[in-house]
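Participant: What follows is a single structure, and I will ask about it in a moment.
Values quoted throughout were computed directly from the atomic coordinates according to the rules given, and no laboratory measurement underlies them. Because the structure is a prediction, the values reported are computed rather than measured. Here the Cβ positions follow ideal geometry from the backbone for every residue, glycine too, while neighbour counts run over all protein chains shown.
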Amino acid sequence: MHPNIMPSRFVNNLKTVTSRLLRKEYAEHINRFYWKPVLWTRAYCLITAGGAPLEVLKSYIEKQERPEK
C-alpha cells in the first residue's frame, strides 16, 4: 500500500468493493441467509509485515502460543 493512503480509507474501500462483488455474484444465496443491509462490520484489523517472506510469517504464526481455555 502506498504510504500516502490512509489505512482506514483502504480498508473501507476494500470492504465496499468486496461487499458489492459478493452481493452481485452470490445474491440469490446471500439473500436466503443474510438479511442485513450491510455485509461487514465497522471494525477492522490491519497488520503489516514489512516485506517479510511468507515462510518467515508462517513460521512466526506457527510458533505463537495458544490462549488457555
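Participant: Just to verify a number: FRET efficiency for R23 and Y44, C-beta to C-beta distance, R0 = 22 Å, to 0.05?
Facilitator: Numbers: r = 19 Å, r/R0 = 0.87.
My answer for the efficiency is 0.70.
Participant: Further question: Between V11 and E65, what length in nm is gained on full extension when 0.36 nm per residue of separation is reduced by their alpha carbon distance?
Facilitator: Result: 16.6 nm gained on full extension.
Participant: Taking the Cα centre of segment 1-46 as origin and charging only Cβ (+1 Lys, Arg; -1 Asp, Glu), how large is the dipole, in debye to the nearest 20?
Facilitator: Once rounded to the nearest 20, the dipole reads 120 debye.
Participant: Taking Kirkwood radius over Cα pairs in Å straight from the coordinates, which label in (i) 17.3; (ii) 13.8; (iii) 15.4 is the correct one?
Facilitator: Checking each listed value against the structure points to (iii).
Participant: Next question. Using the number of other C-beta atoms within 10 angstrom as an exposure proxy, rank H2, H29 with the fewest first.
Facilitator: In order of increasing Cβ crowding within 10 Å: H2, H29.
Participant: Something else now. Mind checking the angle between helix 7-25 and the chain's longest principal axis? C-alpha axes, 0 to 90 degrees, to the nearest 10.
Facilitator: The angle comes out near 50 degrees.
Participant: If you stretched the chain out fully between M1 and L54, how much longer would it get, using 0.36 nm times the residue separation minus the C-alpha to C-alpha distance? Provide the component values of the computation, followed by the final result.
Facilitator: Numbers: separation 53, 0.36 × 53 = 19.08 nm, distance 1.71 nm.
Length gained between M1 and L54: 17.4 nm.
Participant: Oh, and also: For a quick check, take a GNM of the chain with Cα springs below 10 Å and name the residue from R20, R42, R32 with the largest mean-square fluctuation.
Facilitator: The residue with the greatest mean-square fluctuation here is R32.
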